[in-house]
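Just below is one structure, and these are the notes that go with it.
The values are calculated or read from the model by the stated rules, or taken from the named source; none is laboratory data. Note that the structure is predicted; figures quoted are calculated from it, not measured. Because the Cβ atoms are built from the backbone with ideal geometry, glycine has one as well, and the counts that use them run over all protein chains shown.
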Amino acid sequence: MKNYLQATLLSLVYLSLAAVTVSCVESSQPPPQVICGTRVDPDITRRLTVSGSDYHELDRVARAAAISAPCTLLSGKDPVLRLHFWWADGPADLRYMAAEAGSVSHVTGARKINAPYEAFVGTDGALAAVPCKSRQGDHFALTLQLPQANPKDDSHRKDIETFIRAYFPATVKTLGCA
C-alpha cells in the first residue's frame, strides 16, 4: 500500500510538472511582424526580446503629420522595445543624443556603424538618421531602446545592429523619403 501511494504521488508530481512546462511553452508567442507601423522579420526582433506573450503597442506616432512621438512594444505590462520617431529641421546630433542622460535617446556604449545613413549602435539600443522632407522639417531620426537589456552586456550589440539595419530603412520607406 505504501509503495502504491508513493508511486501515485510521484505520478501526480510528474504530471503537474509536465502541465506547467506545456503551459509555459504555449504562453510564449513570437514577436509581431509589424512593429510601430513597420514590417520586420519576427526572428530579428526575437533576438532582442525575452520570450513574451500578449504583445501590444502604445503608439503615439502620427507619420502623416510628422510629429515626433514614442512607440513602445510591450509584452504584458513589460516594455520590450522603445522606439522614438523624430522629425526636425536640420540633422540630429546622434552622438550627443546617444550620450544624453535622458530616457528618450540614451544608448550605452554607442559606436558609429558603416551604413548608407548615419547610425550608432550600443549595448542597449541604437540611433539612426537620414534627410527626409516633411511638414516638420527636413530630417528624420529614430531611436531604439531595449529596457530589459543589461547596458554592461556587449553580447547583443550585433543583434541590435541587425535589427536597426532592417527596421530603419523599412521605416524610412513608409515615410516616403527612401
Using the structure shown, decide if residue 151 is under 21 Å from residue 52 (Cα atoms) and not hydrophobic (A, V, I, L, M, F, W, C).
-> yes
Name every residue in region 65-78 that is loosely packed, with under 15 Cβ neighbours inside 10 Å and not acidic (Asp, Glu), in order of residue number.
-> 65, 76, 77
Residue in region 20-54 that is surrounded by the most Cβ atoms within 10 Å (Cβ to Cβ), counting only those that are at pLDDT below 90 and among the polar types (S, T, N, Q) | 49
Exactly one of 166, 119 is over 22 Å from residue 99 (Cβ atoms), in the same structural domain as residue 63 (by TED's automatic domain parsing) and either in contact with a helix residue (DSSP H, G or I) (Cβ under 9 Å, 6 or more places away or on another chain) or not charged (D, E, K, R) (or both), and that residue is 166
So residue 124, is it crowded, with 21+ Cβ neighbours inside 10 Å, closer than 30 Å to residue 28 by Cα and among the charged types (D, E, K, R) | yes
Select from region 151-178 the residues that are touching a residue at least 24 places away in the same chain (Cβ under 8 Å) and more than 14 Å from the chain's Cα centre (by Cα) and list them in ascending order.
-> 151, 152, 153, 154, 169, 170, 172, 174, 175, 177
Restricting region 24-64 to residues that are assigned to a helix (DSSP H, G or I) and among the charged types (D, E, K, R), the one nearest to the chain's Cα centre (by Cα) turns out to be 46
Of the candidates 122, 109, 137, the one satisfying the condition of being farther than 18 Å from residue 61 by Cβ, in contact (Cβ under 8 Å) with a residue 40 or more places away in the chain and of a type in the set (Gly, Ala, Ser) is 109
